[in-house]
Each structure stands twice: as C-alpha cells, then as structure tokens.
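Engineer: Handing you a structure now.
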Amino acid sequence: MTTMSDIYSFIHSAEKLKNELRHSFTSSGRQESVAEHTWRMSLLAFLLLPKLDKQVNFEKLMKMIVIHDIVEIEAGDTPVPFMVGNDGLKKQKEVREQAAIVNVRTQLGDVIGEEIYQLWHEFENQETYEAKVANALDKLEVQIQHNEADIKTWIPVEYDLIYSRRKYTMFDSALDELRKIIESESEKKLTSAGIAFHRPDK
C-alpha cells in the first residue's frame, strides 16, 4: 500500500520538473520549465472545455495532463526539433521514458502508481477522446510559447514545424480553430522577421 511517506517522497522527486528546462523560451528570454508547460496546458483545458465537440471526462483529462511529462523526472526532456530525422534519438527517448514510467509505478505502488502508469500509456497511444485532447493541447501550447519567444530562439527546423500540429487537432473543430489562430500568428512572426517558410496546402 502506498504510504503518505511514499507520496511525499515522490512529490520531492517531482520538484525536478520545476527545474527541468525545455527548448522553449518565455517572452522574457529565459527557458521555460516542464512544470510551466504543464500548468498552461491545464489552463487551456479548463478554458476550452465548453468549446469541445464532445463531452470530455474532465477529471481524467486533467489527470492525464498533470502526469503526461512525469517520466521527465527521470528521463529528462528531449526537444522535438532535435528528433526530426533522428530515429536513434527517438528510440533512446522511448526506451528512457518506458523505464521511467515503470519506476514511477514502482515508487507509488498499488492504485496510485498503476493509475498513473495506465494514464501515461493512454496519453501516448492517443486512442481515447481525452488522450487526443491532451495531446492536442500539448502540441498547441508548445507553439504558443514559441510564438511568445524571441524569433532568435527558434532553430531553422522549427520554421516548417509550425504546421505539424494539424494532425493532432483535426478531430475536433474547436481545437482546429485554435490551431489555425496559432498557426497564423506563427506565420506573421516569421514574415516579420524576414524568414522564408513553406506553407502546405490548407
């Protein structure tokens, strides 16, 4: 049985996500943390709840958002742009994260550990409506943060990655509408900086 000491110990471990830096930068010029990314995903979920095409299990969605990057306590963050065209790095990330989620389940044990383990895999598999919504919010929040950052913090591969969210939002009209707004803002940012980019067919 998971004890209060087990939970408290894990909370100490989770503090690392406040210090684990992501590739994204904030509008003030510093790198954001994993915890900050998760917070704004949660805010997006709350604000978009009444706009979604289908009724969503909000408790389940929020749990999924809160734990979706929990493996990064141990595995660290692997930026998506660095994995473009690098299958070896993708595989390393997968192996590290699979080991990390098993360790999370072991640390927390019984009901709590198993629930996190199952929710994390559900998020990764993107087979349920909640998982699809969580994944869409994950991808959209990343681009929102990029749009808020100085264009000098972007690397060239990210210029065309602004269109990579489409496959994650097309299942829901509200999420797709938000994606279009974010995408348009990204295009304006690149255009203002005089950066050429390839716009795929709408």
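The values are calculated or read from the model by the stated rules, or taken from the named source; none is laboratory data. This is a predicted model, so every value here is computed, not measured. Counting neighbours? That spans all protein chains shown, and the Cβs are built from the backbone with ideal geometry, glycine included.
Engineer: Can you confirm whether segment 182-200 contains a residue that is of a type in the set (A, V, I, L, M) and within 19 Å of Leu52 (Cβ to Cβ)? I'd like the intermediate steps shown before the answer.
Structural biologist: Looking only at segment 182-200, we keep the residues that are of a type in the set (A, V, I, L, M), and these are 182, 190, 193, 195-196.
With within 19 Å of Leu52 (Cβ to Cβ) added as a condition, the list becomes 182.
The answer is yes; a qualifying residue exists.
Engineer: Right, something else. Looking only at segment 56-76, decide whether some residue is at pLDDT 95 or above and basic (Lys, Arg).
Structural biologist: So far as segment 56-76 goes, yes, one or more of its residues are at pLDDT 95 or above and basic (Lys, Arg).
Engineer: Something else about it: Over 25 Å from Met1 (Cα atoms), among the basic types (Lys, Arg) and out of contact with any Ser or Thr (no Cβ under 9 Å at 6 or more places or on another chain): does that describe Lys93?
Structural biologist: Judged against the criteria, Lys93 is not a match.
Engineer: All but one of (1) at pLDDT 95 or above; (2) closer than 20 Å to Leu108 by Cβ hold for Glu36, so report the exception by its number.
Structural biologist: The number of the failed condition is (2).
Engineer: If you take the residues of segment 144-180 that are over 22 Å from Glu130 (Cα atoms) and among the hydrophobic types (A, V, I, L, M, F, W, C), which of them is surrounded by the most Cβ atoms within 10 Å (Cβ to Cβ)?
Structural biologist: Trp154
Engineer: Across segment 58-87, what is the total count of residues that are in contact with a helix residue (DSSP H, G or I) (Cβ under 9 Å, 6 or more places away or on another chain), over 21 Å from Arg40 (Cβ atoms) and surrounded by fewer than 19 Cβ atoms within 10 Å (Cβ to Cβ)? Spell out how you get there, then give the answer.
Structural biologist: Restricting attention to segment 58-87, the residues satisfying the condition of being in contact with a helix residue (DSSP H, G or I) (Cβ under 9 Å, 6 or more places away or on another chain) are 58, 60-78, 80-85.
Subset that is over 21 Å from Arg40 (Cβ atoms): 74-75, 82-85.
Filter once more, so that each one left must be surrounded by fewer than 19 Cβ atoms within 10 Å (Cβ to Cβ): 74, 82-85.
Adding up the residues that qualify gives 5.
Rundown of residues vs (1) among the charged types (D, E, K, R); (2) under 15 Å from Leu137 (Cβ atoms), yes/no style:
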{"site": "Asn19", "(1), (2)": "no, no"}
{"site": "Gly29", "(1), (2)": "no, no"}
{"site": "Glu32", "(1), (2)": "yes, no"}
{"site": "His37", "(1), (2)": "no, yes"}
{"site": "Glu59", "(1), (2)": "yes, no"}
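Engineer: Could you list all residues from segment 77-118 that are at pLDDT below 95 and β-branched (Val, Ile, Thr)?
Structural biologist: Hits for segment 77-118 are Thr78, Val80, Val84, Val111.
Engineer: If you go through segment 102-141 one residue at a time, how many are surrounded by fewer than 21 Cβ atoms within 10 Å (Cβ to Cβ) and of a type in the set (Val, Ile, Thr)?
Structural biologist: Summing the residues that are surrounded by fewer than 21 Cβ atoms within 10 Å (Cβ to Cβ) and of a type in the set (Val, Ile, Thr) in segment 102-141 gives 5.
Engineer: Continuing with this model, one more query. Please pick out the residue among Glu32, Glu15 that is acidic (Asp, Glu) and closer than 26 Å to Ala174 by Cβ.
Structural biologist: Going through Glu32, Glu15 in turn, the sole match is Glu32.
Engineer: For segment 16-37, which positions are among the polar types (S, T, N, Q) and touching a residue at least 24 places away in the same chain (Cβ under 8 Å)?
Structural biologist: Passing the criteria: Ser24, Thr26, Ser27.
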